[in-house]
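Below you'll find the structure, written out as structure tokens, and then a few comments.
The values are calculated or read from the model by the stated rules, or taken from the named source; none is laboratory data. This one's a predicted model, so the numbers in the text were calculated from it and none came from an experiment. Positions of Cβ are generated from backbone atoms using ideal geometry, with glycine treated the same way; all protein chains shown enter the neighbour counts.
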Amino acid sequence: MADVKIGIMGGSGLYKMEALRDIEEVQIDTPFGAPSDALILGTLDGTRVAFLARHGRNHHLSPSELPFRANIYAMKSLGVEYLISASAVGSLKEEAKPLDMVVPDQFIDRTKNRISTFFGEGIVAHIAFGDPICQNLAKVLSEAIASLNFPDVVLHRGGTYVCMEGPAFSTKAESNLYRSWGATVIGMTNLPEAKLAREAEIAYATLALVTDYDCWHPDHDSVTVEMVIGNLMKNAVNAQRVIQETVRRLSQNPPSSDAHSALKYAIITPLDKAPSATKEKLSLLLQKYL
């Protein structure tokens, strides 16, 4: 199987696009269990792309149940170097209205019960995560959105994504706390996904699709599942066009990324002293350093 350089993480609606050709499903086994679903491989304007429905194609996995390590490992095993995360989010700022798109550049991690590293079991690694988004990939994504000139959709470049545990939505006190921190949007899925992508040396950027104003806005109803799904459906075609245009630009001019060498100075344990079983388990991530 030829390497697939571009991966898309999001809802199953993203890969149901007419332009996708030569579609195949691939079941991938990983040392961290099974991914959320089979990966969908297809050709988009001549470029092979891998899609993964983050919650499963029937949306049967809650945010806390997502097999984050298996999902990222599966993408890595295909050869993915650039990963775009399409995610529904609530807005924490007046100017980021429902149906707008945000390409954040920072995260705040408010998750509680998620394993956030591939490492341990005798190998210690500390990745740099001060800039959690690959800025070069985010630039390509932002320029793709801007070029499409969507009516009534504003692109917000930069901003902070708060990742909460869920599955319940925020209290008003929490929502206003995050607003006081200057955060832009809130969601439940991008962490530890982004941390694991960095450990896997995959460039990562987020396409945040605003569906609601969370629960802080005095003039808008608090977020409900019905509201989220309704606005996601409205934005589905736009999101597909963004993915298609971003893939086109990436295939023509793939950007450099510091993420592609993230482990170079991150691994503390001398690998010649590390347990063989752990080295074998992580061989896909460690192979160029062994």
| The listed residue being farther than 17 Å from Asn190 by Cβ, at pLDDT 95 or above and out of contact with any helix residue (DSSP H, G or I) (no Cβ under 7 Å at 6 or more places or on another chain), out of Lys93, Lys76 | Lys93
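Would you check if Phe68 is over 14 Å from Ile6 (Cα atoms), surrounded by 20 or more Cβ atoms within 10 Å (Cβ to Cβ) and either within 12 Å of the chain's Cα centre (by Cα) or among the hydrophobic types (A, V, I, L, M, F, W, C) (or both)?
Working: over 14 Å from Ile6 (Cα atoms): yes; surrounded by 20 or more Cβ atoms within 10 Å (Cβ to Cβ): yes; either within 12 Å of the chain's Cα centre (by Cα) or among the hydrophobic types (A, V, I, L, M, F, W, C) (or both): yes.
Yes: the conditions hold for Phe68.
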| query | Is it the case that the stretch 103-122 has a residue that's in contact with a Ser or Thr (Cβ under 9 Å, 6 or more places away or on another chain), crowded, with 21+ Cβ neighbours inside 10 Å, more than 30 Å from Lys273 (Cβ to Cβ) and of a type outside the set (Phe, Trp, Tyr)? | reply | yes
| note | Every listed condition ((1) part of a helix (DSSP H, G or I); (2) within 16 Å of the chain's Cα centre (by Cα); (3) surrounded by fewer than 22 Cβ atoms within 10 Å (Cβ to Cβ); (4) not hydrophobic (A, V, I, L, M, F, W, C)) holds for Tyr73 save (3)
| query | Would you pick out the residues in the stretch 21-65 that are under 15 Å from the mean Cα position of the chain (by Cα) and charged (D, E, K, R)? | reply | Arg54
| task | Would you check if there is a residue in the stretch 211-229 being surrounded by fewer than 17 Cβ atoms within 10 Å (Cβ to Cβ), touching a residue at least 12 places away in the same chain (Cβ under 8 Å), in a loop (DSSP other than H, G, I, E, B) and touching a strand residue (DSSP E or B) at 6+ places or on another chain (Cβ under 6 Å)? | result | no
| query | Checking Ser276 against (1) polar (S, T, N, Q); (2) within 21 Å of the chain's Cα centre (by Cα); (3) loosely packed, with under 11 Cβ neighbours inside 10 Å, which single condition isn't satisfied? | reply | (2)
| request: Please go through the stretch 150-198 and pick out each residue that is aromatic (Phe, Trp, Tyr), over 20 Å from Leu61 (Cα atoms) and not in a strand (DSSP E or B). | output: Phe150, Tyr178, Trp181
| Which numbered condition Phe107 fails, given (1) under 20 Å from Ala194 (Cβ atoms); (2) part of a strand (DSSP E or B); (3) modelled with pLDDT under 95 | (3)
